[in-house]
Amino acid sequence: MSPRQRMINLMYIVLTAMLALNVSSDVLNGFNQVQEGLHRTNLNMSAKNEVQFRYLQELFEKNPAKAESWYRKGVELHGRSGDLYRTIDSLKLAIARKADGENADFNDILNRDDLEAASVTMLNPATNSGRKLRQQVDAYRGFVSSLIGDESKRKAVEEMLTTQVKNKPGTVGPTTWEDRMFDNMPAIAAVTLLTKLQNDIRQAESEALSNLITNVDIGDVRVNELNAYVIPNSNMIMRGGKYSANIVLAAIDTTQRPTIYVNGSKLNNGSGLYEFVAGATGTHDYSGYIEVMRGDGTVDKRPFKSSYTVIEPMATISATMMNVLYAGIANPISISVPGVPMNALTATMTNGTLTRNGDGWVARPGKVGSEAVITVSAQMEGRSQNMGSMTFRVRKLPDPSPYIAIKDAQGNVVHYKGGPKRISKAALMAAEGLGAAIDDEILNVSYTVVSFATTFFDSMGNAIPEVSNGASFSSRQREQFKRLKPGKEFFVTNVKAKGPDGITREISPMQVILN
């Protein structure tokens, strides 16, 4: 094929492509006429919505308490609709300028068949204008539909502002709303579609404003009797506490009592009296709702919630002479105030530290011989109130008693604390050494034995002392154990033990008697 023929063929291909991309001028003129009609409709709808909004504003000015909630919603609706409308106007102008230049007018586009202006403006990955517009429309649809009570009207508005699209035939993968709207779309068509979207926004705004205006009066509840009530926060007050009560004027309809539900169960009395026998202690919440008939025949459901605190019947009894804390150990302390939950209590201590442990407290006193004062406060009505204090004497831990840990017939470990009780030679040989503890059923404190000695007597009555290996029996002591005859005895002396308070003390001796 000659170069000339190749050139002719190439030109034919280009011409065919241009013909395929060409859009009929009649179609473009049709879009222009639709654009003009929609623009006029939008102006009329905007004027109508402005009248509705002004009427809602007048209702609020006449009766702020009654119309305030609806007016506030109307203000937000009017503002969001205007913002979205102006955003679309700016996008239409951007498309027009891309097609005609800086002096373009989107109501009179010259290059109507420009196929790049809409795509470049709306589908540019750098700006994502199309995606952002879709997200704004989705957010607006969700907001405006929440203001429309009628289900059929709400569904119509949601369908009118939907951004869900079906894939084009032959496409692979999902098609986005912005691609369907602006990809390869002539400039005049893209602007017309955006004007149509503005029209949908004004329609939705008008529907929502009408619903808000209707709701100002339609939700009124009929009443025929007014009563005054005093509702106290609590009928029980501590000295120094604050009494708080709401004095309210309640309006009721004696011909039609409201229906009350508490925790899902219907209250079977017309007076609204809620009574029960309290069970578990602590703070408990309950909630429910009241159903009352509106003037339009619909039911108004008003939720409520409250709480109550249950305490154990209690009396605080203490022996004044026994108010003692022991230094060097964790002293468990119980603190409670009738009528006040545990989580509202705080406590401090002098001459030591006081820490919370679950529902209890642990006191660790400091200097022996000095007093420790525990002061309790409670958080009530947003302020801290002193609930009282108690003074304790701080004493040194008493001396422990030495023992030999052995196993009984059932294999349980028991403490052998010396005569007159007896111990078997086998149990003595199995023991590892000497221990020391306070286990008098009041305190249960373990000590560490530092050293001790044993004293044996031979047949001549001579004393044979042996020294331990710390808390363990030494090999020489165990040799003496082997020589012991049934009924014989020896003494454990010079026992030194260290307590949790860090003090090493010499404790009383122990007599060991064999069976």
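List of remarks:
- Count of region 115-134 residues, restricted to those that are closer than 15 Å to L194 by Cα and either in contact (Cβ under 8 Å) with a residue 60 or more places away in the chain or exposed (fewer than 14 other Cβ atoms within 10 Å of the Cβ) (or both), is 6.
- Scanning region 86-107 for residues that are closer than 12 Å to T195 by Cα and either assigned to a helix (DSSP H, G or I) or of a type in the set (A, V, I, L, M) (or both) gives R86, T87, I88, D89, S90, L91, K92, L93.
- Looking only at residues of region 384-412 that are free of Cβ contacts under 8 Å to residues at least 40 places away in the same chain and over 17 Å from M349 (Cα atoms), we find that the one that is surrounded by the most Cβ atoms within 10 Å (Cβ to Cβ) is I406.
- Residue that is under 25 Å from T162 (Cα atoms) and at pLDDT 90 or above, where the choices are Q136, Q57: Q136
- Matching residues, region 330-383, being β-branched (V, I, T), part of a loop (DSSP other than H, G, I, E, B) and either within 22 Å of V445 (Cα to Cα) or at pLDDT below 90 (or both): I335, V368
- Flag if V277 is in a loop (DSSP other than H, G, I, E, B), modelled with pLDDT of 75 or more and among the hydrophobic types (A, V, I, L, M, F, W, C): yes
- Some residue of region 352-370 being touching a residue at least 60 places away in the same chain (Cβ under 8 Å), out of contact with any Leu (no Cβ under 7 Å at 6 or more places or on another chain) and acidic (D, E): no
- For the residues D83, D89, the requirement of being in contact (Cβ under 8 Å) with a residue 60 or more places away in the chain, in the same structural domain as E36 (by TED's automatic domain parsing) and of a type outside the set (A, V, I, L, M) singles out D89.
- Condition met for R112 (in the same structural domain as L197 (by TED's automatic domain parsing), basic (K, R) and either assigned to a helix (DSSP H, G or I) or without any contact (Cβ under 8 Å) to a residue 60 or more places away in the chain (or both)): no
The values are calculated or read from the model by the stated rules, or taken from the named source; none is laboratory data. Values in this document were obtained by computation on a predicted structure and should not be read as measured data. When we count neighbours, we look across all protein chains shown, and the Cβ atoms used for this are built from the backbone with ideal geometry, even at glycine.
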